[in-house]
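Step one of this worksheet: look at the structure below.
Read-outs: derived from the displayed coordinates by stated rules, not from any lab. Note that the coordinates shown come from a computational prediction; the quantities given were computed from them, not determined experimentally. So basically every Cβ, Gly included, is an ideal-geometry build from the backbone, and we count neighbours across all protein chains shown.
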Amino acid sequence: MPIASCLCPSRVSAFAYGVRRHSGNAFIALILSTTAVAAEPVTVVALGDSLTAGYGLPEGEGFVPQLQKWLDAKGAEAVVVNAGVSGDTSAGGLARLDWSLTPDTDALIVALGGNDLLRGLDPAITRDNLDAILTSADGRDLPALLIGLPGPTNYGIEWKEQFDAIFPDLAKKHGALIEPNFMAGIGGGEPEAMRPYLQADGIHPSAEGVSRIVAQLGPRVLELIERAKP
């Protein structure tokens, strides 16, 4: 029997329905798959020292968990990973960069230099280390936010000028976002203004201090997240 004679109208209709149904299911699956990918949160690695790690604070009150809560409240679909190590210099951050940046990383916060500052290290060394970190981020197509600290005058005006110039110079060179002063939310560097928001050591912020720091830095992190989205 010729093949055409087997395709009665009812069978043709059923066949056409099956094709449409199959195509429709495939289309729905594609939409669901695309939506699932789009809904994946942005993973932000916060590479830093004790200020990032939450030194001296109860769990949940350090910089990263408070930043996470702030971002959640703003509806930002992001996960912040705490890659802060107390006592770390810029050299230490560079040394552990490769294993800190997992394949899931979408963006990078760099908050290093505080311990370089406390030790009075040559600003050229700090500059080279931070430059290498940002160069690595560039090579991975990771948008970055560079957070600085103002240098003291203890080591002389020239040292301070060289240290302070590191952060804007590198941000411009690498096209990174910048927040010049991690402590801007609690007075920035004025001892009297900062004192109520510091722990007993006079260096690390209290939980309330961290809350204010996060409120200051949060908008920059939102910008970073937007840059990281596909």
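For K160, which lysines qualify as cross-link partners when the Cα separation must be under 30 Å and same-chain residues fewer than eight apart are set aside? Cross-link targets: K172, K173.
Summing +1 for each Lys or Arg and -1 for each Asp or Glu, what net charge is found among the other residues whose Cβ lies under 13 Å from the Cβ of A91?
-3
May I ask you to derive the FRET efficiency for R96 and E192 from their Cβ-Cβ distance with R0 = 41 Å, giving the value to the nearest 0.05?
0.70
Taking 20 Å as the straight-line reach from the Cα of K229, the aspartates and glutamates in range (excluding those fewer than 8 positions away in the same chain) are E40, D72, E77, D104, D106, D138, D141. Across the stretch 117-158, the fraction of Cα-Cα pairs farther apart than 16 Å, rounded to a whole number, is 46%.
Once the mean of 1/r is taken over each pair of separate Cα atoms and inverted, the stretch 79-126 shows a Kirkwood hydrodynamic radius of 11.7 Å.
Here the stretch 63-138 is assigned +1 on the Cβ of each Lys and Arg and -1 on the Cβ of each Asp and Glu. Its dipole about the Cα centre then comes out at about 280 debye.
Once both labels are positioned 7 Å from their Cα atoms along Cα-to-Cβ, the gap between E226 and Y155 label points is 3.6 nm. Suppose the Debye formula is applied to equal point scatterers at every Cα of the stretch 40-99; what is log10 I(q)/I(0) at q = 0.15, 0.21, 0.23 Å⁻¹? So the normalised log intensities work out to -0.47, -0.81, -0.91.
Translational diffusion of the stretch 103-230, estimated by Stokes-Einstein from the Kirkwood radius over alpha carbon pairs at 37 °C in a medium of 0.692 mPa s, is 213 µm² per second.
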